[in-house]
1. Residue under question is ARG250, and the condition is that it be among the charged types (D, E, K, R), touching a Pro at 6+ places or on another chain (Cβ under 8 Å), more than 25 Å from GLY486 (Cα to Cα) and open to solvent by 70 Å² or more (accessible area, probe 1.4 Å); does it hold?
2. What is the residue count in segment 334-356 for residues that are in a strand (DSSP E or B) and either modelled with pLDDT of 95 or more or open to solvent by 20 Å² or more (accessible area, probe 1.4 Å) (or both)?
3. With (1) in contact with a His (Cβ under 8 Å, 6 or more places away or on another chain); (2) part of a loop (DSSP other than H, G, I, E, B); (3) surrounded by 14 or more Cβ atoms within 10 Å (Cβ to Cβ) as the list, and ALA149 as the residue in question, which single condition is left unmet?
4. Of everything in segment 253-291, what is modelled with pLDDT of 90 or more and either open to solvent by 90 Å² or more (accessible area, probe 1.4 Å) or of a type in the set (Phe, Trp, Tyr) (or both)? Give them in sequence order.
5. Filter segment 58-74 for residues that are surrounded by fewer than 19 Cβ atoms within 10 Å (Cβ to Cβ) and either at positive phi or part of a helix (DSSP H, G or I) (or both) and give the result.
6. Just name the residue that is surrounded by the fewest Cβ atoms within 10 Å (Cβ to Cβ) out of those in segment 535-584 that are charged (D, E, K, R) and within 25 Å of LEU501 (Cα to Cα).
7. Name the pairs whose Cβ atoms lie under 6 Å apart, with the first residue in segment 211-231 and assigned to a helix (DSSP H, G or I), the second open to solvent by less than 100 Å² (accessible area, probe 1.4 Å), and 6 or more positions between them or separate chains?
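The values are calculated or read from the model by the stated rules, or taken from the named source; none is laboratory data. Bear in mind the structure is a predicted one, so any value in this text is a computation, not a measurement. Here Cβ is always computed from backbone atoms with ideal geometry, including for glycine, and neighbour counts include all displayed protein chains. What goes into the accessible areas is simple: the full protein's heavy atoms, side chains included, and nothing from ligands, DNA or RNA. Shrake-Rupley method; radii C 1.70, N 1.55, O 1.52, S 1.80 Å.
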Amino acid sequence: MAQHNPLPRACRWHRRAPAVALCLIVCQLAYAAGVNVEVRGVDELVRTNVLAYLSFERYRKGGAELNADTVERLHERVEREVQAALKPFGYYEPKVDSTVTDLGHDDWRVVVNITLGPPVLIEHIDVRVDGPGETDPLFTRILGHLPHAGDRLNHADYEAIKTDLQRTAATYGYFDAKMVRNELVVDPPNHNANIALELDTGERYRFGKTTIKQDAIKDSLVRRYLRYREGDLFDLTQVLHTQFALDDARFFINLEVQPGDPDRKAHTVPVDIHGDRRRKNNYSFAPGYATDTGARVTLGFTDPLLNTSGHSFSLELQFAQVTRYNVQARYAIPIGDPAVASFAMRAQIEQQTLADVTAYTQALGPQITTVRDGWQYVGALNAVHTTSETINSTQSDSLLVPEIDIGSVPKGYYGEALFEHPFFAELRGSNSALGSSSNFIQLHAQAEHVFQIAPKWHLLLRDELGASLVSGFSSLPAIYRFFAGGDNSVRGFYYNELSPLEAVCARNPTSGALILTANGTCQPVPNDFIKVGGKDLITGTVEVVRDLPKNLGIATFVDYGNAFDHFGTQLYYSFGVGLRVRLPVMTVGIDVAQPLNMPGAGPRLHINFSPKL
């Protein structure tokens, strides 16, 4: 190794003095007093490992003051530290050249130039699994993804194979597994290496008896949350899933689901479950703001454990400038597999402003929820009374509305609240045969997906479709009509701005009664209209997001859509840019969008909160 150490003499100046002087000025501006370490000649992954080995870098991170004697001592370590850092990547004969420069003011600059040299290549690799688990797909998967002869030696890959074999054995019940061969032989002069690993699996254990110690709910209900059965092949992931399912039920505090000591003779593993009854109800208070709703506040109360049968009750109240108020109550009873299925009675009272319509709604009905094969199904039957008020009229309706919802859910889903579904659809309707005042059937579907198109670049695609079959649109209550525009619809337009229009009816200025035409319809006021919603809907988004440091991102997007009464009606478009601020549990979006095909419309600010991107 060539070491150029000017210590303890003053800083060495080279012929390119002006360039060096400029460099020193920049370095002094960019770094506080201490040491600046530069590693050249290697990629970022190797460079990171070299810095981790260098004593200079550890002193820099520790903020320790350096004198000339300490710097000289640290400089003497550079060659062997770099060599040690490169061996894990298969480089055993690097050439290392380093210099240390005194920049003055207790600043030092260390430059390490590395020439990697020829790498050590794998000459032969032999990884075997013997015993009863030899043909188990858990192990054959590992054996199917091994390095090949001729590949550069990487110690991390070797350790990963060994660790993967041992972890798989421990996770899936091969508790007698032994690594009977564990060899990595490196021949640096000939630049080759041989790898040999051999695992003897022994018998795979099965689940034994499950012992339950708790007094919150019936033991029989606890057992319905188990993700395994006695006698099944042992799988630690199912023990963890049992813990997750019971945690999500919120019956317990200090819950532990732990495998016990293996029975070496019976080849079984017992499981112990212990939990303390949750004795406190949950209360929540959440103020917020969005341009759709204005200022809002949400109050919540939940009693997750009404009795030993696992019944629960929740109540939520939301008050907002635009949507006014929404009160929802839910009484839930676990059924079937209680981790993913429940029966509930729901009640709702709501006042909401839908463009130029004010709707008052009361609803009550049963609901059954279940999850199967990555899909959540919700069936409901709602008795609904709703009143729709406009400047023209007031309409009250009573309906019995069957509904079925389907949404995609992530793998391992156990009923926790979801902020979004990659796909969601609801089908609902009503008929006079059920005693309803309106006959309709309606489909509403939404799909959304985020693609990573390049490092730090994301493409979000979102589409929404609504369609209704109605016998007499005027009889369709406002709460079942579609509107578009707003933070989560077509940005650039205010909340529910896009809608079919209805003429404002003229009134007698004295009596206030509607003025009717000869055929019995109301006489319209010229050029005066209200937005009353449509029976069909299309909206969508194409958005590109670029990640930035500090949990920030910038976005550019195009939104499109409209609510209408006939497919083929003009869609409206907008273009915008936005800022994404990523918080621990959500992303805050601040967007400015400009409508593209609505004359006279100006840009609009949107603020929204979501878990995506």
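1. Numbers: among the charged types (D, E, K, R): yes; touching a Pro at 6+ places or on another chain (Cβ under 8 Å): yes; more than 25 Å from GLY486 (Cα to Cα): yes; open to solvent by 70 Å² or more (accessible area, probe 1.4 Å): yes.
It is true that ARG250 is among the charged types (D, E, K, R), touching a Pro at 6+ places or on another chain (Cβ under 8 Å), more than 25 Å from GLY486 (Cα to Cα) and open to solvent by 70 Å² or more (accessible area, probe 1.4 Å).
2. Restricting attention to segment 334-356, the residues satisfying the condition of being in a strand (DSSP E or B) are 334, 342-354.
Those left that are additionally either modelled with pLDDT of 95 or more or open to solvent by 20 Å² or more (accessible area, probe 1.4 Å) (or both): 334, 342-353.
So the count comes out to 13.
3. (3)
4. Passing the criteria: ASN254, GLU256, GLN258, ASP261, ARG264, LYS265, TYR283, PHE285.
5. Listed by number, the residues that qualify are ARG58, LYS61, GLY62, GLY63, ALA68, ASP69, THR70, GLU72, ARG73.
6. So in segment 535-584, the residues charged (D, E, K, R) come out as 535-536, 543, 546-547, 550, 559, 565, 580, 582.
Adding the requirement that they be within 25 Å of LEU501 (Cα to Cα) leaves 535-536, 559, 565.
Numbers: LYS535: 21, ASP536: 21, ASP559: 27, ASP565: 16.
By that ranking, first place goes to ASP565.
7. Between residues of segment 211-231 that are assigned to a helix (DSSP H, G or I) and residues that are open to solvent by less than 100 Å² (accessible area, probe 1.4 Å), the close pairs are ASP219/ILE212; LEU221/GLY310; VAL222/ILE212; ARG224/PRO338.
Matching residues to (1) surrounded by 18 or more Cβ atoms within 10 Å (Cβ to Cβ); (2) within 30 Å of GLY600 (Cβ to Cβ):
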{"position": "SER436", "(1), (2)": "yes, no"}
{"position": "ASN439", "(1), (2)": "yes, no"}
{"position": "VAL450", "(1), (2)": "no, no"}
{"position": "ALA454", "(1), (2)": "no, no"}
{"position": "HIS458", "(1), (2)": "yes, no"}
{"position": "ALA467", "(1), (2)": "no, no"}
{"position": "GLY485", "(1), (2)": "yes, yes"}
{"position": "GLY520", "(1), (2)": "no, no"}
{"position": "PRO524", "(1), (2)": "no, yes"}
